[in-house]
Amino acid sequence: MNVKLCQGFLFGALTLAANIAAAGAILSPTAVVGNTMGTASGGGSTTNLINQTGLSSGFVSGVTDFASYIASNPTHASLNPSNAWAGAPGPVLGDLDFDLGNVYSLGSFAFWSQSNTNAINSFTLFSAFDASFSGAVDLGTFSASVLNPITVQVFSAPSTAQFVRLRVNSNHGGNNVNIGEVAFDVSAAVPSPGPLALMGLGIAGIGYWRRKQI
């Protein structure tokens, strides 16, 4: 095998792994992997939080520039079961866990909540590398507003993680918690240690093979 070709391939793989998302891109989570608040009867689905239903304009996840998209002031239609999620009545407060699909450098968290008292008030964000949130990092507690029309709200939450937990501490006095959509500002995907280690071993192996040929 041509050594330079192999080295070039490995370098390209490293570069690709480290730049899966464009710098400053808006990213939708790939899945909602935890929900301790339940879902109200007729309360839609947590899938609606990550599929852009109800947004006034869409974006290409991991590609569209976050700042430019937010600056266009995208709104969310009135929440209903086809485009949003509503937690169990009570209100039941608790956690929603999001899988971003890869390890990313995070800049901000954005969401569209509700135009009435079911909107999120206080919430806390946590980040982690695993779905069990072992060693989770507390990114801070924030306050959100009731906005009508339903406009995006953005909160700075720098971290490096694959999983993010949204802990709802309170709403504005309504019977449950309503959210239309969530998204993240990401600057890069960080390759996991496993693939990097394998690539490093491959490069070391090439160096050893070359020395053996001399």
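Since every read-out is calculated from the coordinates, none of them should be taken as a lab result. What you see is a predicted model; the values in this text were computed from it and never measured. FYI the Cβ positions are ideal-geometry reconstructions off the backbone, even for glycines, and counts take in every protein chain you see.
Worth a mention:
- Percent RCO, i.e. relative contact order, over the stretch 21-191, from Cα pairs under 8 Å lying at least 6 residues apart: 35
- Positive-end extreme of charge dipole, the stretch 21-191 - chosen from S113, N148, P158 (charges on Cβ): N148
- Square roots of 5 times each gyration tensor eigenvalue, C-alpha, the stretch 21-191, largest first, Å: 23, 19, 14
- Computed about the Cα centre, the dipole magnitude for the stretch 21-191 is approximately 220 debye when only Lys and Arg (+1) and Asp and Glu (-1) carry charge, each at its Cβ.
- When each of the peptides 99-106, 68-75, 144-151 is scored by how many other beta carbons lie within 10 Å of its residues on average, the order from highest to lowest is 99-106, 144-151, 68-75.
- Positive-end extreme of charge dipole, the stretch 21-191 - chosen from L93, G173, N48 (charges on Cβ): G173
- For T36 and F155, a Förster radius of 25 Å and the Cβ-Cβ distance give a FRET efficiency of 0.75, rounded to the nearest 0.05.
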